[in-house]
1. Among the residues of region 157-170, what is the count of those that are more than 17 Å from Ala223 (Cβ to Cβ) and modelled with pLDDT of 95 or more?
2. For a quick check of your reading of the model, give me the residue pairs whose first member lies in region 91-104 and is under 19 Å from Lys197 (Cβ atoms), whose second is at pLDDT below 95, with beta-carbon atoms closer than 8 Å and at least 6 apart or on different chains.
3. Can you pull out every residue in region 114-126 that is surrounded by fewer than 17 Cβ atoms within 10 Å (Cβ to Cβ) and part of a helix (DSSP H, G or I)?
4. From the residues in region 56-68 that are surrounded by 12 or more Cβ atoms within 10 Å (Cβ to Cβ) and assigned to a loop (DSSP other than H, G, I, E, B), which one is modelled with the lowest pLDDT?
5. Can you give me the number of residues within region 92-134 that are under 19 Å from the mean Cα position of the chain (by Cα) and at positive phi?
6. Of these, Gly187, Gly200, which one is small (Gly, Ala, Ser), under 26 Å from Arg20 (Cβ atoms) and modelled with pLDDT under 95?
7. So which of Ala103, Ala132 ends up being part of a helix (DSSP H, G or I) and under 25 Å from Ala21 (Cα atoms)?
Amino acid sequence: MINQTLVVGASGRVGRLLARAWVRGGVAPTLQHRGAGLASDLPQMAWQPLTEALPPARQFHAMIVLAGAVRGDLTLNAQLAEACCAAAVQAGIGPVLLASSSAVYGVNGGLPCREDTRTHPVNDYGRAKLEAEAVADRWRARGLAITALRIGNVAGADALLGGMQPGKPTRIDRFADGGSPVRSYIGPVTLADVLAKLLGQDLPPILNIGAPQPVAMADLAQAAQADWQCQAAPATAYQRITLDCSKLAQHYRFSENQSDAAAMVAEWHAARGPQ
């Protein structure tokens, strides 16, 4: 079904990594853009979701919505979810996979967050993603097959690997036990495959997306051969913010190495293209 899928928001950091991974995997979803075109060999379609009806020229069976805002006007997350859901219903598209975020959970006292964990976002971004999920809930009640994907960190689109700058050491918190922050991650090549495999399955309304085992950020920096330094973790820092992805494992079979820091870094290098 992935070849009959429209990917909305493919120009973002995650979308660009996924597009390259899909090309490498030999699949060809259609990438939405807002008029300027994208540097990709995949099929493309110009569409402004907030102001235009979905062009009728193409027939799509599914939609992946990556579009959203991480800063600035965060209400765009709910607005784009609304526009994409309405377009999907009008065009008879389903299922829809809506990219949400693990930020909707907050910190959960350091315990792994399950899909039924109480949401308690601690920042505006998490609250905005929760509002977008509420939009999905309303459209689901009208019959749209839509799943909100609470995605953890995507290797290479994250603040650590994606934020590394030559000549500027990356600083990573060190906690009292000597360890670094531990987070749920997924490699971009794995994520591209997960999204393709989820389409066509009977999915729950909410699904956590991450590799089976969380990863230490120091291990990622080491695997990336980054110039990095430890700094004492402030009292407000949390060492573990992770996802329980056991429900995802019912829909996707992970290999043993897809939780490894080195494998995630290798996926990032493979998906980001020539540097």
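1. The number of residues fulfilling the criteria is 0.
2. Once the first residue is under 19 Å from Lys197 (Cβ atoms) and sits in region 91-104, its partners that are at pLDDT below 95 give Pro95/Gly200.
3. Asp124
4. Arg58
5. Within region 92-134, residues that are under 19 Å from the mean Cα position of the chain (by Cα) and at positive phi number 1.
6. The unique qualifying residue is Gly200.
7. Selected residue: Ala103, the only one of Ala103, Ala132 that is part of a helix (DSSP H, G or I) and under 25 Å from Ala21 (Cα atoms).
Residues checked against (1) in contact (Cβ under 8 Å) with a residue 24 or more places away in the chain; (2) touching a Leu at 6+ places or on another chain (Cβ under 6 Å):
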residue	(1), (2)
Glu133	yes, no
Asp137	yes, no
Ile151	yes, no
Gly163	no, no
Pro169	yes, no
Asp173	yes, no
Gly200	yes, no
Ile209	yes, yes
Gln225	no, no
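The values are calculated or read from the model by the stated rules, or taken from the named source; none is laboratory data. Treat the numbers as computed from the prediction; the structure is a model and nothing was measured. Because the Cβ atoms are built from the backbone with ideal geometry, glycine has one as well, and the counts that use them run over all protein chains shown.
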